[in-house]
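A quick write-up on the structure given underneath.
The values are calculated or read from the model by the stated rules, or taken from the named source; none is laboratory data. Fair warning: this is a prediction, and the values are worked out from it, not measured in the lab. Side chains are part of the model used for accessible areas, which takes the heavy atoms of the whole protein and leaves out ligands, DNA and RNA. Shrake-Rupley method; radii C 1.70, N 1.55, O 1.52, S 1.80 Å.
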Amino acid sequence: MPTDPVGRFLVALDPKHREAVAARPREEQERLAAAWERELEADTELDTLDELSPPAAEAEAARRVLESGTD
């Protein structure tokens, strides 16, 4: 499992989005990963999901980042 934010973000994405984000410039990947980390930290609903299934919480946060227009 990757330990850097970009690597963790890419793992959290579904395969289709993972390929698309991996093809973007590194700076953009870092920006998306930072938004993803903020989403995980800020959303209390994800905190509850994280207790039940950390991978599910990370995937949900990744989906939200891509759908929010932050991409």
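Computed on the chain, with alpha-carbon pairs under 8 angstrom and 6+ residues apart, the relative contact order is 33 percent. Rounded to the nearest angstrom and listed largest first, the equivalent-ellipsoid semi-axes of the chain from its Cα gyration tensor are 19, 12, 11.
Heavy-atom surface analysis with a 1.4 Å probe gives the chain a carbon and sulfur content of 52 percent of its accessible area. For region 32-71, the equivalent ellipsoid derived from the alpha-carbon gyration tensor has semi-axes of 17, 9, 8 Å in decreasing order. Solvent-accessible surface of the chain, averaged per residue with a 1.4 angstrom probe and all protein chains in place: 62 square angstrom.
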